[in-house]
Amino acid sequence: MPAAGNDAAGRVWMRLMACNKLVETRLRNRLRADFDATLPRFDVLAQIDREPRGPTMSELSERLMVTKANITDLFGRLEADGLVSRKRSKKDGRIQHVYLTAKGKNELAEMLKSHNAWLAELMSDLDENDLAALHDILGRLRDSLKAAGERQ
């Protein structure tokens, strides 16, 4: 790739990181202020909710890109708060699937409503066409990154 392409890739990388940091900081602050919750707590609840059959702890750690120890510790706190539960797999007793309790579903629903409103507010200067184009470009970038990782 020519030098100019490398410069462009570096600038895009830095812009992505800056945008991510700005959004993440604002979401962390709002979750803390409005729900006394952390972003990891929200992320775990949201990931559990995405999988109707109940993800395993390993699946959660992969999706959230953190260690199993981190997930186990956070899950223990969520369990103590009555937001999640675990059930052993009927096929393999070594595997545990995790689920939201009714209390966890209610808490997540409240947080999701606010979370989505905050994101809409943060991105309100972009119109629907801008958001659609950005979504498409980032999807192509994700696919390219996955393919590059598979080639290594």
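The values are calculated or read from the model by the stated rules, or taken from the named source; none is laboratory data. Given the structure is predicted, the values throughout are model-derived calculations rather than measurements. Neighbour counts are summed over all protein chains in view; Cβ atoms, including those assigned to glycine, are modelled from backbone coordinates with ideal geometry. Only protein heavy atoms, including side chains, enter the accessible area calculation; ligands, DNA and RNA are left aside. Shrake-Rupley method; radii C 1.70, N 1.55, O 1.52, S 1.80 Å.
For the reader, a short list of remarks on this structure follows.
- Positive-pole candidate from Leu16, Ala46, Leu122, dipole of the stretch 1-126, charges at beta carbon: Ala46
- Cross-link partners of Lys91 among lysines (Cα-Cα below 23 Å; sequence separation of 8 or more within a chain): Lys68
- Only Cα pairs under 8 Å and 6+ residues apart enter the sum, and on that basis the relative contact order of the chain stands at 18 percent.
- Computed over the chain, the Cα gyration tensor eigenvalues convert (square root of 5λ each) into semi-axes of 32, 22, 14 Å, ordered from largest to smallest.
- Approximate shape of the stretch 41-122 as ellipsoid semi-axes (Cα gyration tensor, √5λ), whole Å, largest first: 23, 14, 11
- With the charge dipole of the chain set up from +1 on Lys and Arg Cβ and -1 on Asp and Glu Cβ about the Cα centre, the Cα lying farthest toward the positive end among the listed residues Ser144, Leu112, Met65 is that of Met65.
- Rounded D (µm²/s) - the stretch 1-70, Kirkwood Rh over Cα pairs, Stokes-Einstein at 25 °C, 0.890 mPa s: 168 µm²/s
- Placing unit charges on the Cβ atoms only, positive for Lys and Arg and negative for Asp and Glu, gives the chain a dipole magnitude near 780 debye about its Cα centre.
- Solvent exposure of the stretch 67-147 as accessible area per residue, Å², 1.4 Å probe: 72 Å²
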